[in-house]
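Some notes on the structure that comes next.
The values are calculated or read from the model by the stated rules, or taken from the named source; none is laboratory data. Remember, it's a predicted structure, so these values are computed and weren't measured experimentally. FYI the Cβ positions are ideal-geometry reconstructions off the backbone, even for glycines, and counts take in every protein chain you see. Protein only, heavy atoms only, side chains kept; ligands, DNA and RNA dropped before computing areas. Shrake-Rupley method; radii C 1.70, N 1.55, O 1.52, S 1.80 Å.
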Amino acid sequence: MEPSLLSMFLPAIQQLPDDRPLTRDQLITRDFLISKNGDLEIYFAPHNEYINNDAKIVIVGITPGWSQMRIAFESFMKELTAEKKLDKILKETKETASFAGGMRRNLISMLDQCGLQDALGIDSSAALFERNRELLHTTSFVKYPVFYRGKNYTGHQPDPLKTEILAEYATKVFPEELRLINSHALIIPLGITVERILCHLYTANQLTGHTILFGFPHPSGANGHRSKQFEQNKYAMTEIIRRWGEHYN
């Protein structure tokens with residue numbers, strides 16, 4: 001499914017301008033539309049095509065938002081212009097667009113407070129996005145940007161497990177991706193919606209051989225409950241990471 005999607009959209013990507021910032025009018029168009037159901041739309045973006053099979057840490061979001069979508073396209077265009085090999089372009093696009101901005105800062109701060117860097121034997125969780133990138137795989141349970149009534153899909157309305165085009169990704173495409181991770185990884189779901197999807201997969205025996213970090217808040221600055229939820233779950237999360245780290249090392 002995935003490689004054919006990239007080849008399908010590549011001609012349209014090559015028509016985009018590479019000398020200025022891209023806009024919603026250029027990307028949220030029929031040229032990049034994967035599927036549509038009423039007010040729900042899924043669009044292609046090129047940054048979740050690369051899978052790091054040897055990752056020890058898997059961070060899972062809901063879906064890429066508009067900002068990630070734009071950054072991914074701009075990065076892909078830049079690398080394409082430099083005439084690099086496609087697999088290298090996809091890897092670098094993934095690294096550039098993964099949880100970019102303030103979300104990444106919040107993510108790193110919370111992971112460090114839970115001792116992930118100690119479990120991995122690295123200086124800081126920030127290194128996962130830099131020199132220790134080989135340890136990390138980032139993804140979303142819907143790997144392409146989803147918009148509901150023209151806005152970033154938040155995972156709440158409509159229900160991802162009761163909406164056919166979302167459930168297809170959550171219960172088929174996403175677990176297939178996780179099966180490509182070779183090691184006993186620590187899976188970090190960002191927020192209760194992703195945690196609910198992982199619990200569903202675990203109950204259905206579609207998720208085995210990995211450890212799930214339950215209780216981790218969504219790192220978005222728009223999540224007003226983030227700090228309270230983090231403090232409530234910090235001790236339990238620290239213990240999960242410590243026990244996983246003993247197995248990892």
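Among the residues of region 200-212, is any aliphatic (A, V, I, L, M) and assigned to a helix (DSSP H, G or I)?
Checked against the condition, which is being aliphatic (A, V, I, L, M) and assigned to a helix (DSSP H, G or I), region 200-212 yields at least one hit.
In region 72-91, which residues are part of a helix (DSSP H, G or I) and open to solvent by 40 Å² or more (accessible area, probe 1.4 Å)?
Listed by number, the residues that qualify are Glu74, Lys78, Leu80, Thr81, Leu86, Asp87, Lys88, Lys91.
Would you check if Phe129 is of a type in the set (Phe, Trp, Tyr) and either over 19 Å from Asp18 (Cβ atoms) or open to solvent by 10 Å² or more (accessible area, probe 1.4 Å) (or both)?
Yes; evaluated as a whole, the condition is true for this residue.
Taking region 34-67 on its own, how many of its residues are free of Cβ contacts under 8 Å to residues at least 40 places away in the same chain and under 19 Å from the mean Cα position of the chain (by Cα)?
The qualifying residues number 1.
Please identify the pairs in which a residue from region 131-151 that is over 10 Å from Ala55 (Cβ atoms) and touching a residue at least 40 places away in the same chain (Cβ under 8 Å) has its Cβ atom under 6 Å from the Cβ atom of a residue that is of a type in the set (Gly, Ala, Ser) and open to solvent by less than 10 Å² (accessible area, probe 1.4 Å), counting only partners at least 6 apart or on another chain.
Note: pairs meeting the criteria are Ser140/Gly61; Phe141/Ala170; Tyr144/Ala45; Pro145/Ala45.
Scan region 9-33 residue by residue and report those that are surrounded by 12 or more Cβ atoms within 10 Å (Cβ to Cβ) and without any contact (Cβ under 8 Å) to a residue 60 or more places away in the chain.
Answer for region 9-33, where residues must be surrounded by 12 or more Cβ atoms within 10 Å (Cβ to Cβ) and without any contact (Cβ under 8 Å) to a residue 60 or more places away in the chain: Phe9, Leu10, Ala12, Leu22, Arg24, Gln26, Leu27, Asp31, Phe32, Leu33.
Rundown of residues vs (1) of a type outside the set (A, V, I, L, M); (2) in a strand (DSSP E or B); (3) more than 21 Å from Thr238 (Cα to Cα); (4) open to solvent by less than 10 Å² (accessible area, probe 1.4 Å), yes/no style:
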residue	(1), (2), (3), (4)
Thr93	yes, no, yes, yes
Ala100	no, no, yes, no
Arg104	yes, no, no, no
Ile108	no, no, no, no
Asp118	yes, no, no, no
Asp123	yes, no, no, no
Thr139	yes, yes, yes, yes
Thr154	yes, no, yes, no
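Among what's in region 184-214 and is open to solvent by less than 10 Å² (accessible area, probe 1.4 Å) and among the small types (Gly, Ala, Ser), pick the residue that is farthest from Asn106 (Cα to Cα).
It comes out as Ala185.
State whether the residues of region 165-184 include one that is at pLDDT 95 or above, assigned to a loop (DSSP other than H, G, I, E, B), of a type outside the set (Ser, Thr, Tyr) and farther than 21 Å from Tyr50 by Cβ.
No, that holds for no residue.
Only one of (1) hydrophobic (A, V, I, L, M, F, W, C); (2) within 13 Å of Val58 (Cβ to Cβ); (3) touching a Cys at 6+ places or on another chain (Cβ under 7 Å) is not met by Leu213, so which one is it?
Only one criterion is unmet by Leu213, namely (3).
Looking at region 34-64 only, could you name the residues that are surrounded by fewer than 24 Cβ atoms within 10 Å (Cβ to Cβ), of a type in the set (Gly, Ala, Ser) and assigned to a loop (DSSP other than H, G, I, E, B)?
Gly38, Ala55 - these are the residues of region 34-64 that are surrounded by fewer than 24 Cβ atoms within 10 Å (Cβ to Cβ), of a type in the set (Gly, Ala, Ser) and assigned to a loop (DSSP other than H, G, I, E, B).
Can you name every residue in region 224-235 that is in contact with a helix residue (DSSP H, G or I) (Cβ under 8 Å, 6 or more places away or on another chain) and either crowded, with 19+ Cβ neighbours inside 10 Å or assigned to a loop (DSSP other than H, G, I, E, B) (or both)?
Selection gives Phe230 alone.
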